[in-house]
Amino acid sequence: MKKRILSSIALVLALTIGCAVPAMADSRRVVTLGADLTQDQQNTMMKYFGVSADTVDIIYINNNDEREHLGSYVPLEQIGTKTFSCALVAPTTKGGIQVKTANLSWVTCNMIASTLSTSGVTNCQVVAASPFEVSGTGALTGVIMAYETASDVTLDEEKKDLANEELVTTGNLADAVGQSKATAVINETKLQVIENNVTDIGEINNIVNNVSNNYDVTMSQDQSDEIAALMQKIAQQDYDITQLKATLERVQANVAGDAGASEEQQAEAEKKAQEAEAAAEEQTQESEAAQDNADITIDGAQDQTENILDNTDISALDPNSTNASESTTTQTVLEQTEAETEGDNGTGIPEATGDGTVTSEAAETEAITEAATEAGAETESTIKAEDLDPEKKAIYDEVKSNLDQAYTEKQVTGDDGTVVYLTEEAAKKLPEAVEKYLLKVLAEGADKVAQEEALDTEIPQNIVEETQDLAEDKHYEEADLVQMDKYVRRLVLKDSEKILEDSQLENNDAVVVYRSIMVILEAGFGVEQPDLESEAAVSEDTAQEAPAEEQNEDGTEDEFADFQEETGNF
């Protein structure tokens, strides 16, 4: 269940070629908050954004919103069941798409900026973040919804779908080649296709191959075909190429260095970005001068004297300034590199949003895995049951009590009476391991834990499928319980931590142990358990109430009576 997710966002609404540039209107900013955040976490995000509830409009984004926008491109289990990503969005009339991200691991600021341009946005300021590190899958969903609310403009549905598809395609490629290279390939291909109005699939395939070769990216034929098909659909849309290039060239300059470009190529990319931004600014000024009394307005256009990207407070997310970090599309390549050097805290943990922190695919993979491991170890050491909210603490306390009690006798009895004996060490360590992992899941949330584990190559990502023959998938509705099920399968059925090694269990014995743990977890999470005593009582009552055998008139049994009765039941 390898999954990652996407990041980078930007500025204002796209106008079709020939349309007047909107006149400046009163400033309007919109905040989106993940519906599953606690009140304290919501307050943290408002502090980070530098806004108060009386100065912005607030929209709550839930999991259904994410599924509606991403369900066609992302497996539902990857989307998860909870939404934590947040955003502050301010439409503008110039400046391109500017994005800042914090605590998004899969989505980068440059990814968001590029995909926003596909949705039809040309000028906008965006800050996308979370109170703790998340993949950021739902970031684009919230940003687009906020933009439409702030600008009072409904973006084209097909373009929005293509933006979501592009985000997922970029993220999937990033899993294989790294975020910067993936963004560079997708962004540069899109730029060439739109600028040259290329719609032939064969020509687009050639562009994909040439661009990927330029960045030393090797991809499968399926990946290449997927990108080409996406670009063909994008090429069929109408865009203001002057405004679009300002964002795309800036994104390209931002990622060029980490995508493998030479210093000379980076300098050339920066030059192109500045030229494109100047051309877009000139077009805007000319349009404003010619249409001072334009009828078209963007109700939420942001006052250009204020940039929301400058008002964030990173200390709200990380009081100690050791883990959380920000990334923005407004930085040049040199500025990003310097910021990353200054931001190195000696822990070896890369920046939260990842862009520009490594120079090779192998180094990137190693850094990400190391960061997840170190961050996970640090988190586990500081998590306490007392810090859980009352509902989650009640779950933890119940499960812990029942596990400790169940393993005091160093044996487990199955539903069929099978007794499985454990060593003293196993009977002690097994419940401790489950309790520790449960505390982590309840404190951090299943989505975050799953994302951390997706980066660890030693953790099997398809454990449920691998163990189906031993224990069927019950398809739990609660995400935390789904995550616990995966862990217990690894822990017991695969003995991933070698706790059961000396107990020398057969497969059937391991299944008994697995079921004993899951029954306790199910009870803790409120999953209804079968009432065996009631079932037995019902069976007994049914037997007592069963009608006497039907007889013929002569007193003999009617041999067809049972047959008729069974037929009636079908």
Does residue 99 fit the bill of being modelled with pLDDT of 90 or more and β-branched (Val, Ile, Thr)? yes
For residues in the stretch 428-461 being under 15 Å from residue 515 (Cα atoms) and not β-branched (Val, Ile, Thr), which is surrounded by the fewest Cβ atoms within 10 Å (Cβ to Cβ)? 431
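For residue 241, state whether it is open to solvent by less than 40 Å² (accessible area, probe 1.4 Å) and either within 26 Å of residue 160 (Cα to Cα) or touching a Lys or Arg at 6+ places or on another chain (Cβ under 8 Å) (or both).
It is false that residue 241 is open to solvent by less than 40 Å² (accessible area, probe 1.4 Å) and either within 26 Å of residue 160 (Cα to Cα) or touching a Lys or Arg at 6+ places or on another chain (Cβ under 8 Å) (or both).
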Any residue in the stretch 247-263 that is closer than 9 Å to residue 188 by Cβ sitting within a Cβ distance under 8 Å of a residue that is of a type in the set (Asp, Glu) and buried (at least 24 other Cβ atoms within 10 Å of the Cβ)? List the pairs, counting only those 6 or more apart or interchain. 252/188
Filter result (open to solvent by less than 20 Å² (accessible area, probe 1.4 Å), hydroxyl-bearing (Ser, Thr, Tyr) and not in a helix (DSSP H, G or I)) within the stretch 467-505: 467
Give the stretch 447-478 a look and list any residue that's at pLDDT 90 or above and within 16 Å of the chain's Cα centre (by Cα), or say none. none
I'd like the full set of residues that are open to solvent by 40 Å² or more (accessible area, probe 1.4 Å) and in a helix (DSSP H, G or I), limited to the stretch 218-238. 221, 222, 223, 225, 226, 229, 232, 233
Test result for residue 174, modelled with pLDDT under 90, over 20 Å from residue 61 (Cα atoms) and either in contact with an Asp or Glu (Cβ under 8 Å, 6 or more places away or on another chain) or crowded, with 24+ Cβ neighbours inside 10 Å (or both): yes
Note down all Cβ pairs under 6 Å where the first residue falls in the stretch 33-48 and is without any contact (Cβ under 8 Å) to a residue 60 or more places away in the chain, the second is part of a strand (DSSP E or B) and open to solvent by less than 60 Å² (accessible area, probe 1.4 Å), and they're at least six residues apart or on different chains. 33/86; 42/33
For residue 220, the lone unmet condition from (1) hydroxyl-bearing (Ser, Thr, Tyr); (2) touching a residue at least 60 places away in the same chain (Cβ under 8 Å); (3) out of contact with any strand residue (DSSP E or B) (no Cβ under 7 Å at 6 or more places or on another chain) is (2)
Tally time: how many residues in the stretch 190-217 are over 21 Å from residue 108 (Cβ atoms), outside any helix (DSSP H, G or I) and open to solvent by less than 80 Å² (accessible area, probe 1.4 Å)? 3
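Yes/no per residue for (1) under 28 Å from residue 223 (Cβ atoms); (2) touching a strand residue (DSSP E or B) at 6+ places or on another chain (Cβ under 7 Å); (3) crowded, with 24+ Cβ neighbours inside 10 Å:
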position: 95; (1), (2), (3): no, no, no
position: 100; (1), (2), (3): no, yes, yes
position: 114; (1), (2), (3): yes, no, yes
position: 142; (1), (2), (3): yes, yes, yes
position: 146; (1), (2), (3): no, yes, yes
position: 153; (1), (2), (3): no, yes, no
position: 170; (1), (2), (3): yes, no, yes
Taking the stretch 175-189 and keeping residues assigned to a helix (DSSP H, G or I) and within 24 Å of the chain's Cα centre (by Cα) leaves 175, 176, 177, 179, 180, 181, 182, 183, 184, 185, 186, 187
If you go through the stretch 506-519 one residue at a time, how many are surrounded by fewer than 20 Cβ atoms within 10 Å (Cβ to Cβ) and either outside any helix (DSSP H, G or I) or among the aromatic types (Phe, Trp, Tyr) (or both)? 1
Candidates 280, 259 - the one that is open to solvent by less than 40 Å² (accessible area, probe 1.4 Å), modelled with pLDDT under 90 and farther than 23 Å from residue 107 by Cα: 280
Sort out which residues of the stretch 54-70 are closer than 21 Å to residue 141 by Cα and open to solvent by 50 Å² or more (accessible area, probe 1.4 Å), and write them in order of number. 57, 58, 60, 62, 64, 67, 68
Does residue 464 satisfy the criteria of being open to solvent by 40 Å² or more (accessible area, probe 1.4 Å), touching a helix residue (DSSP H, G or I) at 6+ places or on another chain (Cβ under 8 Å) and hydrophobic (A, V, I, L, M, F, W, C)? no
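Quick check: anything in the stretch 22-29 under 30 Å from residue 178 (Cβ atoms) and either modelled with pLDDT under 90 or in a loop (DSSP other than H, G, I, E, B) (or both)?
Our first condition is that a residue be under 30 Å from residue 178 (Cβ atoms); within the stretch 22-29, this holds for none.
No, because not a single residue in the stretch 22-29 is under 30 Å from residue 178 (Cβ atoms) and either modelled with pLDDT under 90 or in a loop (DSSP other than H, G, I, E, B) (or both).
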Determine whether residue 158 is surrounded by fewer than 19 Cβ atoms within 10 Å (Cβ to Cβ), touching a residue at least 60 places away in the same chain (Cβ under 8 Å), within 25 Å of the chain's Cα centre (by Cα) and part of a helix (DSSP H, G or I). yes
I need the full set of residues from the stretch 283-321 which are under 29 Å from the mean Cα position of the chain (by Cα), modelled with pLDDT under 85 and open to solvent by 40 Å² or more (accessible area, probe 1.4 Å), in order please. 319, 320, 321
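The values are calculated or read from the model by the stated rules, or taken from the named source; none is laboratory data. These figures come from a predicted structure and were not determined experimentally. When we count neighbours, we look across all protein chains shown, and the Cβ atoms used for this are built from the backbone with ideal geometry, even at glycine. Calculation scope for accessible area: heavy atoms of the full protein, side chains included, ligands and nucleic acids excluded. Shrake-Rupley method; radii C 1.70, N 1.55, O 1.52, S 1.80 Å.
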